Amino acid sequence: MKKTVGILIAFLVIYSFYQVVFMGLDRPPEWSEALTELHEGEFDETIRTAPPWMVVHVWATWCSICKQAKPDYNVVAERFPDNVGFYHLDLDQNPEWAETYRVSDGVPTTLIFYQGQEISRHSGRLPAGAMENWIHHTTGVHPLPDS
């Protein structure tokens, strides 16, 4: 029994090492090109030049749920037309913005703005389909059809 447990533990250690070194599973996925990185010093200017609808995803590098949510957010950002702008903002790099919009205590948080005014928010992870539905019902904008 002890030998079996030892072999199992050795296998798990080697497999975990393989995933990190060869598959890069220690790194979160990159942001989609459909997203724009947002910084608190640029927010007011971005509101003036952005599409009427803005979806802002607030995340943190230390947040494991944020890392899990990133692929879903990337997929949804690519499914909407240009009149909905998608942005991401790092909570730790933008503390004043996070405090102003009261998201300093919970990430991920996604906010929807219309012409600079917050309309809706969701704290926590949403799967891609649920996020797409939430954005559609809030904005009235239909996602692009699958190609």
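Count, please, the residues in the stretch 119-133 that happen to be touching a residue at least 24 places away in the same chain (Cβ under 8 Å) and either in contact with a helix residue (DSSP H, G or I) (Cβ under 7 Å, 6 or more places away or on another chain) or surrounded by 15 or more Cβ atoms within 10 Å (Cβ to Cβ) (or both).
Let us first name the residues in the stretch 119-133 that are touching a residue at least 24 places away in the same chain (Cβ under 8 Å), namely 124-128, 131-132.
Next, only the ones that are either in contact with a helix residue (DSSP H, G or I) (Cβ under 7 Å, 6 or more places away or on another chain) or surrounded by 15 or more Cβ atoms within 10 Å (Cβ to Cβ) (or both) stay: 125-128, 131-132.
Total meeting the criteria: 6.
Filtering the stretch 68-80 to residues that are surrounded by fewer than 17 Cβ atoms within 10 Å (Cβ to Cβ) and under 9 Å from the mean Cα position of the chain (by Cα) leaves Gln68, Pro71.
When the helices (runs of 4 or more DSSP H) confined to the stretch 26-111 are screened for residues that are more than 17 Å from Leu126 (Cα to Cα) and not aliphatic (A, V, I, L, M), those reaching at least 2 such residues are found at 43-49, 95-100.
Could you check, for the stretch 110-118, whether at least one of its residues is under 17 Å from the mean Cα position of the chain (by Cα), surrounded by 13 or more Cβ atoms within 10 Å (Cβ to Cβ) and acidic (Asp, Glu)?
No: zero hits.
Looking at Pro52, is it touching a residue at least 60 places away in the same chain (Cβ under 8 Å) and out of contact with any Ser or Thr (no Cβ under 7 Å at 6 or more places or on another chain)? In short, yes.
Among the residues of the stretch 94-107, are any within 10 Å of the chain's Cα centre (by Cα) and buried (at least 19 other Cβ atoms within 10 Å of the Cβ)? Looking through the stretch 94-107, at least one residue is within 10 Å of the chain's Cα centre (by Cα) and buried (at least 19 other Cβ atoms within 10 Å of the Cβ).
Here's the yes/no breakdown for (1) hydrophobic (A, V, I, L, M, F, W, C); (2) modelled with pLDDT under 85; (3) in the same structural domain as Leu111 (by TED's automatic domain parsing); (4) closer than 19 Å to Glu118 by Cβ:
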{"position": "Ile14", "(1), (2), (3), (4)": "yes, yes, no, no"}
{"position": "Glu42", "(1), (2), (3), (4)": "no, no, yes, yes"}
{"position": "Pro51", "(1), (2), (3), (4)": "no, no, yes, yes"}
{"position": "Thr61", "(1), (2), (3), (4)": "no, no, yes, no"}
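Being out of contact with any strand residue (DSSP E or B) (no Cβ under 9 Å at 6 or more places or on another chain) and surrounded by fewer than 22 Cβ atoms within 10 Å (Cβ to Cβ): is that true of Trp62 here?
Numbers: out of contact with any strand residue (DSSP E or B) (no Cβ under 9 Å at 6 or more places or on another chain): yes; surrounded by fewer than 22 Cβ atoms within 10 Å (Cβ to Cβ): yes.
Here the answer is yes, as Trp62 does meet what is asked.
The values are calculated or read from the model by the stated rules, or taken from the named source; none is laboratory data. Nothing here was measured: the structure is a model prediction, and the numbers come from that model. Every residue, glycine as well, gets a Cβ built from its backbone with ideal geometry; the counts of neighbours run over all protein chains shown.
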